[in-house]
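Q: Before I ask anything, let me first share the structure, which is written out below as C-alpha cells.
Values in this text are rule-based calculations from the coordinates and carry no lab data. Being a predicted model, the structure only gives us computed values, none of them experimental. Note that we place each Cβ from the backbone using ideal geometry, even for glycine, and neighbour counts take in every protein chain shown.
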Amino acid sequence: MPQTTKDTPMMQQYWAIKKDYQDAFLFYRIGDFYELFDEDAIKGSQLLELTLTARNKSAKDPIPMCGVPHHAAQNYIDILIDKGYKVAICEQVEDPKQAQGMVKREVIQLITPGTMMDQNASTAKQNNYLTALTLIDELYGLAYSDLTTGEVRTTTLHTFNEVINELLNLNTKEVVVDANISEQEQQQLQSLGMMISHDKVLQESSEFNFVNQKLTKQGEQAALKILISYLLETQKRTLSHLQQAESYEIDQYLRLNHSAKANLELFESLRTSKREGTLLWLLDKTKTAMGGRLLKQWLNRPLLNAKLLQQRQEIVATLIDHYFERATLQQALQKVYDLERLAGRIAFGSANGRDLIQLANSLKQIPTIKEVLQQLPEPTLQKLGTSLDDLADIRDLIQRAISEDAPISTTEGNIINDGFNQQLDEYRDAVNNGQNFLVQLEAEERKKTGISTLKVGYTRVFGYYIEVTNANKKNVPTDRYQRKQTLTNAERYITPELKDHEALILQAKEKSTELEYQLFTTVREQIKAQTERIQALAKQIAALDVLQGFAVVSENNHYVRPELSTKQQDVEIINGRHPVVEQVLAANEFIPNSVEMKKDTDILLITGPNMSGKSTYMRQLGLIVIMAQVGCFVPADRAQLPIFDQIFTRIGAADDLISGESTFMVEMKEANDALLHGTRHSLLLFDELGRGTATYDGIALADAIIEYIHDHLGAKTLFSTHYHELTQLAERLPKLRNVHVGATEENGKLIFLHQVLAGPADKSYGIHVAKLAGLPNDVTQHAAQVLSVLEAEGSDLVNDLPTPEQLPLFRIAEEPEPKIEPKQTTQAEAMSPEVSALLAEIKNTNLMQATPIEAMNLINQWQQELNQQNH
Ligand code: ADP
Ligand code: MG
C-alpha cells in the first residue's frame, strides 16, 4: 500500500477504506465528483475513457487520479459492471459544514454484476440473478435471487453438471461460493463467464429468518444463508422486499438441458445470438415488463402438471373468444409499470417521487382489470377479478401526498401536494406571502424614492436586494439604504426591512424543503410496509399478461388447443407447422406436416435429401411440445400429446462440421445423456446422429443406439439420417417406422416438397444437391457412375470402378480441336502428367472411409485441379 507519512489526511482516509475493497473500483466522493486514485485511476481511465490526471501534481510522487461527476456516475458504473468488475460507492456520511477535521466517509454500497439495481429499457424484460452455491453431504445447494424484484428460489442438485446447466439456464452472472466448492469447479464456472465471489463472514439476520421460513433442506438453507449474507454485506441496508424462498426440484418441470434450449432456439438464435427468430420472440406479446420476465421463466420451466396446464388453456381459450374484453385488458396492462421493480426500489430506499406516481398510475388500472375479468365466463378469471387487491389505500395515499409532476430529486422540494400537511402549507404560505411582500415593497419604494426603474431581486450568493441604476443613485435615501454590491450600470442595496424578510423567506423555504423530504420518506416507508401486497399483485398481473399474450399469438397464427393426456403416450399432430419458420416464410409457403406416433410407434426414422426439411420437422415437434407444456396453443390443425418429462436433443452437427472430432464427442455425450436419463415419457430428437465419424462407424453406432431406444427406453424418438442402410431396421424393429421427406425430379432438377411421407426415401439425392450447388456436369456424372457401382450388390470398389478410359472427363481430351491437324496419339499420350496423377488419385481413393461431406470436398478439389489444367 503506497501509504506514507507524507500522505494528506484525505489520502490516508482513502487508503484505509480501499484496504477493504481491493477487488473493486473505489468511487470516492469529493464534492460533486467521484474520484478514482492510483491503480483504480489508471485502469479506470482506460476502461471509461477518462482523462488521467494526478493529485499533488507538483509533489515528488503524484497519485494518478480521474473522476466522474456524481450525477453521471450511473453510466460509468454500468460500464464497469458490464465488463465484469465491482464498484464500491464511498460517500461523505456527515455534513461537511458540521465536520470537525476530515469529513467522515464510508462505502455505502458495493455494486456487483449480480446485485445491479439500476435497470434500463433493454433489461426490463430480463431477470438479473445472483446465485449462491454450496455442497453438503454430496448434494449441491443452490439459492438465487433477483435483487430488483425480491424473488428468491432454491433447489438441490445431484451433480455439478446439473449445477452448470441450471446456472446457464438462469443466465446468472455472479456466483457466491463457500469453501465446499472446489477450486476446479470455481474455475469451470469462471470459464463460462460467471464472476465468482466469496462471502467473508456468514451472519444471521432477520432477513434470513424471514426468507428461510419455508425451506427444509439443509443445503438450500446453507446456500440461502450465503446469499443473504452477501447481499447484506454488499448492499449495506435492510432488504425487506426479499420474498420467502420457494424451493423447487428440477424434475417438477419438463427437463431440457442448456444445449437443448440452445438448439431449439428458445431464447437466442443460433445464427445471430439475437432474440429475433426465437420462440420467446414469437410468443412475447406481453404488455408489461413483469409479464415479459415471467414468460421467459415459464419457457425455462415448462410444466408437467396437467391440471395447471388445462387451467392455462381455459384462460387462453376464453381470452381468444372475447376479443373486446381482451382489448380493454390489454389497454389497461399497457399502462401498468413494472410493479415488482417499483416495489424493489421503494423497499431499497431508492424510489423517488416519480416512481411513486408511476405506482399510483399503475394502480389506477386495477379496477378496470377487475371489472373486465368479472365479466368473463371463466371461473379462474372471475375469481381473480374479485380477489385482486387493487391497493386502493396505497393509490390514495400517493395521490394525496405526491405531486403529479414531482422532480427526480427527492431533496429539493416540490414533491408533496398542497393540503397534505398543515405545517408544510404554512411554510409555503410564508414563502408565498414573502413573495407578495416583495412585490409590494418594490411598488412602495418606487413611490417613496420616485425611482420608477427600481427593482427588487434575488441572487443565491447575495440574497435579496434593491437595484437602482447609476443614473438614479443620487435619489437613494442613504439613511435607510445600505450599499451591498456594485455593478457596472447599477448599485444594489439592502434595507433593514428587506433583511428581516429575507431571513423569514429563506428559513421558510429551507424548512419546507426539509419537511418535504421527511414527508416523502414517511410516505415511502408506509408503502414499503405493504411491499408483500404489491408483489402479490405484480405476480397475478404478470401471469394474466403472459396468458393474454398466448391468446394473441394463438389467434393471429391460427393455433389450436392441444389435447393433453396423462394416460397414454400417443402423439398425433395433424398438419403441424414450425411456429418460427412459418413466420419467416411468406403466407402459405410453409408446408404443414403431421406427426403420428401411436402405441405401435416409438421411433420415426426420417430420411430424405439435404435441405428437404428433416431438421425443421424435428424441431417443430420439440417446439410444439414446449408450447403445449407452457399452456399455449400450438401451430397445427389438431394436436393430441402426452405430457413429456424430458426432451433430449442432438441437433446441429450438420451446422458444425468444422469442429470434427470434438463435435462427435459432444454428439456421443448427448446421446449418452438421453440413454441414461431418458424414460418412456421422454422425447428424443436425434438429428443425423453418427454423422461426425466414418460411415461404417456412424451407421454402427446409430443402429445400436436406435435398437437400445427401441428395446429399453421406449421413448418417443425422431431420428433423421442419411444412412440408407438404417431404413432396413424397420423389418426388425416393430415400433420403428420409416418416413421420408419427399422430393421429386423435374427435368433432372430436384424439387423439394418439404412433405413428410410414409416409407424410406428412395434415394439420397446427394448428387442432385451437388448439382444444385453448381458442381460441373462432368463431376456429378462421374459421381453418379461411382454411385451405381457402389450400390450394386457385392461390388468391389477398386475393381469395378470405371477405368480412366471410360470416364467422361477423359473423353473431353479426346475431342478433336478445330483447325488443328488431328494428331494420331494414344489416349495415354493425350493426357498431361497432372491429369493422369489426378486419375490415379481418384482411382485409389477409398470412398468407403469418407463421410459424404469429405467425398464432396474431394470432388470439389479434383474439379479445381482439372480446371487449372484446362487453362
Ligand atoms: P434438412 O435438415 O433436411 O437438411 P432443413 O430442415 O434444414 O433440411 O430445411 C431446409 C430449408 O427448407 C429450411 O431452411 C426451410 O426454409 C425449408 N423448409 C423446411 N421445412 C419446410 C416446410 N415444411 N415448408 C416449407 N419450407 C420448409
Ligand atoms: Mg438437417
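Q: From the cross-link list Lys261/Lys567; Lys83/Lys285; Lys173/Lys225; Lys43/Lys125; Lys567/Lys599; Lys236/Lys539, which pairs have alpha carbons spaced over 21 Å apart?
A: Lys261/Lys567; Lys83/Lys285; Lys43/Lys125; Lys236/Lys539
Q: Same structure, new question: So for Glu91, Glu497, fewest C-beta neighbours within 10 Å to most, what's the order? It would help to have the intermediate numbers written out before the result.
A: Details: Glu91 16, Glu497 13.
Ascending number of Cβ neighbours within 10 Å: Glu497, Glu91.
Q: Once the convex hull of the alpha carbons of region 5-111 is built, what does its volume come to per residue, in cubic angstrom? Write down the numbers at each step before the final one.
A: Values: hull volume 11.3 nm³, N = 107.
Hull volume over Cα atoms, normalised by residue count, gives 105 Å³.
Q: Once the piece of chain linking Thr459 and Gln218 is laid out straight, how much longer is it, given 0.36 nm per residue of separation minus the C-alpha distance between them?
A: 80.2 nm
Q: How tilted is helix 339-348 with respect to the longest principal axis of the chain? Cα atoms for both, answer in degrees (0 to 90, nearest 10).
A: Once rounded, one gets 50 degrees.
Q: Measure off 7 Å from each Cα along the Cα-to-Cβ vector at Ile30 and Thr411, then give the distance between these two points in nanometres to one decimal.
A: In this crude label model, Ile30 to Thr411 measures out at 2.0 nm.
Q: Follow-up. Return the distance in nm (one decimal) between the two label points of a simple spin-label model at Ala586 and Asn161, each offset 7 Å from Cα along Cα→Cβ.
A: Reported label-point gap for Ala586 and Asn161 is 4.7 nm.
Q: Compute, for the chain, the length of the dipole vector about the Cα centre, with Cβ point charges of +1 (Lys, Arg) and -1 (Asp, Glu) only. Units Debye, rounded to 20.
A: That gives a dipole near 3600 debye.
Q: When Rg is the radius of gyration of the Cα atoms in region 353-454 and Rh is its Kirkwood radius, what does Rg/Rh come to?
A: 1.35
Q: List the equivalent ellipsoid semi-axes of the chain in whole Å, largest first, each obtained as the square root of 5λ for an eigenvalue λ of the Cα gyration tensor.
A: Computed over the chain, the values are 71, 36, 29 Å.
Q: Stretch Thr522-Ile42 to full length: gain in nm at 0.36 nm per residue minus the Cα-Cα span?
A: Values: separation 480, 0.36 × 480 = 172.80 nm, distance 4.27 nm.
That works out to 168.5 nm of additional length.
Q: What is the chain's relative contact order, in percent, from Cα pairs under 8 angstrom and six or more apart in sequence?
A: 8
Q: Compute and list, largest first, the equivalent-ellipsoid semi-axes of region 122-252 from the alpha carbon gyration tensor, each √(5λ) rounded to a whole angstrom.
A: Result for region 122-252: semi-axes of 20, 17, 15 Å.
Q: Please turn the phi angles of region 568-580 into ³J(HN,Hα) values with the Karplus equation 6.51 cos²θ - 1.76 cosθ + 1.60 (θ = phi - 60°), one per residue in order, whole Hz, x for glycine and proline.
A: Taking θ as phi minus 60°, the curve returns 10, 9, 4, 10, 9, 10, 9, 6, x, 10, 7, x, 8 Hz for region 568-580.
Q: Give me the distance in nm between label points sitting 7 Å out from Cα along the Cα-to-Cβ direction at Arg732 and Ala536, one decimal.
A: About 6.3 nm separates the two model spin labels.
Q: For an R0 of 60 angstrom, estimate the FRET efficiency from the Cβ-Cβ distance between Gln422 and Leu139 and round to the nearest 0.05.
A: Step by step, r from the Cβ atoms, then E = 0.50.
Q: Give the span of region 563-800's Cα atoms along each principal axis, as three whole-Å numbers ordered largest to smallest.
A: Projected onto its principal axes, the Cα set of region 563-800 covers 58, 42, 35 Å.
Q: Now, a different point. For region 422-508, evaluate the Debye formula with one uniform point scatterer on each Cα (no solvent term) and list log10 I(q)/I(0) at q = 0.17 Å⁻¹, rounded to two decimals.
A: For region 422-508 at q = 0.17 Å⁻¹, log10 I(q)/I(0) is -0.69.
Q: Extension gain Gln382-Asp479, at 0.36 nm per residue separation less the Cα-Cα distance, in nm?
A: Taking Gln382 through Asp479 to full extension adds about 26.9 nm, to one decimal.
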